[in-house]
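The values are calculated or read from the model by the stated rules, or taken from the named source; none is laboratory data. These numbers were taken from a predicted model, which means no experiment stands behind them. Glycine gets a Cβ as well: all are built from the backbone with ideal geometry, and neighbour counts include every protein chain shown. Protein only, heavy atoms only, side chains kept; ligands, DNA and RNA dropped before computing areas. Shrake-Rupley method; radii C 1.70, N 1.55, O 1.52, S 1.80 Å.
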Amino acid sequence: MKRTGLLLACAAMLAGPAIAADQATIDWSKVPATTVPLFYPGQSSYQWLLSGHKGAKAVAAGKACISCHEGEERAMGTNLVKGGPLEPMPVKGKDGFKELKVQVAYDARNAYLRFQWKTLNDFPGIAHPYLRFDGKEWHVYGEPKLNKSVQDGKQAGIYEDRMSVMIDDGKVPLFAKQGCWLTCHEGERDMPKLASKEQVAANAMLKEAKKSDVRKYLPATRSAADAEWSSGKPMAEIAKLKAAGGFLDLIQWRAHRSNPVGMTDDGYVLEWRNSDAGKNPFSGNVDKATHTPKFMWDASKVGYKSIRDDQYRKGEYFLIAEKNAIAFDPNAGWKEGDMIPEYVVTGTGASGSAADNGGMGTWKDGMWTVVMTRPLGLTNDDDKTLQAGKVYNVGFAVHDDNITTRGHQISFAKTIGFGAKADIEAVKLP
């Protein structure tokens, strides 16, 4: 895809010369690859792991998930994705298994994590929900395929592809054994017993944290034996957990909201799925006062101010603040069906700890190749410090086929070693 190659070049320029040059000089043919199996988990929550799972006693005894299920990933994912007790809303045609090719290298400044996987579709998932004009007002157009509105045919299935990595430096109890199940709980979006806005508003911890829903969290932030979401601890205690490093780093490469500017979304999981301090490379494009877009495309630069719903998979329609966006003009002659992205992306506007990581991806012949760049030696209080000679516990996830939340494919916990023995051993670059 020529356009994808152009996107990579633009992303490299926006990401800055250091990251672009570092990635460009790596000979990946000399870096060993590890194939990590990913599978569809359905609604298998942490609470299910402790009680509903047939291996709950083994889990309670401290056994690692992979000690019982290694080599079963394909069978489990293929079975779960079809429907049943752990999947009440199966997505038609969804694949239950993927192979993720992982390569890791590092030099004096950065760690480089390269991922490759086959997409279900014969096109890259670079689109994300839009704002669509109905002749009078602007409304969100497109939702992830797990949503009932999409399965009922009332909304288009539109969502970006993503690649996620969770990192633990040994300070999160049980992550090395239970992996991402520590973060996935009942009450979260697309999970059993979804927490209502009223229930969330009545929860002292979430109220203090100024959260309006339930996202990924760690059991250590809850007081109940099964870490049920509503049993939160005081935020003062959670602050102590964070200061002691008891959180997971969460790096997310996003095909629509970070890749166009050569970055990743940097966050962490503790009492919620938090963003790092500073500013992310993406922000919402809705003016809450007027319910209209904030920005539109600069037609003098790209040749259009909006697109139609028969175009969004035929090009790279990103709204980039420093490249092709101008202030929205409500008198620009809008017609029913005109669409503008729901998010604005920026490289120069991202800042702080949230802007630490690079992330550049290309899609070719049905495969994504993504390279994440993570500086070594970070000292931010919301980042895990990667260092030579250390081993880290990691979990991988791929979001594919216009889907989000639990509709991904995930790995069991693995280890990455930088100059140390591990499941995946990083190569030291000259």
- Query: Within region 194-249, which residues are open to solvent by 10 Å² or more (accessible area, probe 1.4 Å), farther than 17 Å from Leu174 by Cβ, touching a residue at least 60 places away in the same chain (Cβ under 8 Å) and not in a loop (DSSP other than H, G, I, E, B)?
  - Reply: Lys242, Ala243
- Query: For Ala61, which of the numbered conditions (1) under 30 Å from Lys421 (Cα atoms); (2) surrounded by 14 or more Cβ atoms within 10 Å (Cβ to Cβ) fails to hold?
  - Reply: (2)
- Query: Taking region 88-107, which residues are farther than 18 Å from Met372 by Cβ and part of a loop (DSSP other than H, G, I, E, B)?
  - Reply: Pro88, Met89, Pro90, Val91, Lys92, Gly93, Lys94, Asp95, Gly96
- Message: Against the condition small (Gly, Ala, Ser), open to solvent by 30 Å² or more (accessible area, probe 1.4 Å) and out of contact with any Asp or Glu (no Cβ under 8 Å at 6 or more places or on another chain), how does Ala75 come out, does it pass?
- Response: yes
- When region 416-430 is checked residue by residue, the ones that are open to solvent by 30 Å² or more (accessible area, probe 1.4 Å) and assigned to a strand (DSSP E or B) are Glu425, Val427, Lys428
- Message: Within region 356-386, take every residue that is open to solvent by less than 30 Å² (accessible area, probe 1.4 Å) and hydrophobic (A, V, I, L, M, F, W, C) and give me the one that is farthest from Phe123 (Cα to Cα).
- Response: Leu378
- Of the residues in region 310-362, those that are of a type in the set (A, V, I, L, M) and touching a Phe, Trp or Tyr at 6+ places or on another chain (Cβ under 9 Å) come to Leu319, Ala321, Ala325, Ile326, Ala327, Met339, Ile340, Val344, Val345, Ala350, Met360
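Each row is one residue, and each column tells you yes or no for (1) open to solvent by 20 Å² or more (accessible area, probe 1.4 Å); (2) under 30 Å from Asp27 (Cα atoms); (3) touching a residue at least 60 places away in the same chain (Cβ under 8 Å).
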{"site": "Pro90", "(1), (2), (3)": "yes, no, no"}
{"site": "Lys94", "(1), (2), (3)": "no, no, yes"}
{"site": "Val104", "(1), (2), (3)": "no, yes, yes"}
{"site": "Phe115", "(1), (2), (3)": "no, yes, yes"}
{"site": "Phe123", "(1), (2), (3)": "yes, yes, yes"}
{"site": "Val140", "(1), (2), (3)": "yes, no, yes"}
{"site": "Ser149", "(1), (2), (3)": "yes, no, no"}
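Do you know which residues across region 387-411 are in a loop (DSSP other than H, G, I, E, B) and either on the phi > 0 side of the Ramachandran plot or open to solvent by 10 Å² or more (accessible area, probe 1.4 Å) (or both)? Steps first, answer last, please.
Within region 387-411, the subset in a loop (DSSP other than H, G, I, E, B) is 387-390, 400-404, 408, 411.
If the condition is that a residue be in a loop (DSSP other than H, G, I, E, B) and either on the phi > 0 side of the Ramachandran plot or open to solvent by 10 Å² or more (accessible area, probe 1.4 Å) (or both), then Gln387, Ala388, Gly389, Lys390, Asp401, Asn402, Thr404, His408 are the ones that fit.
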- Message: Out of Ala202, Ala255, I need the residue that is touching a Ser or Thr at 6+ places or on another chain (Cβ under 9 Å) and of a type outside the set (Lys, Arg). Which one?
- Response: Ala202
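Against the definition (in a loop (DSSP other than H, G, I, E, B) and either in contact with a Leu (Cβ under 7 Å, 6 or more places away or on another chain) or surrounded by fewer than 22 Cβ atoms within 10 Å (Cβ to Cβ) (or both)), how does Lys154 come out, yes or no? Give the steps one after another, and end with the answer.
Numbers: in a loop (DSSP other than H, G, I, E, B): yes; either in contact with a Leu (Cβ under 7 Å, 6 or more places away or on another chain) or surrounded by fewer than 22 Cβ atoms within 10 Å (Cβ to Cβ) (or both): yes.
Answer is yes for this residue.
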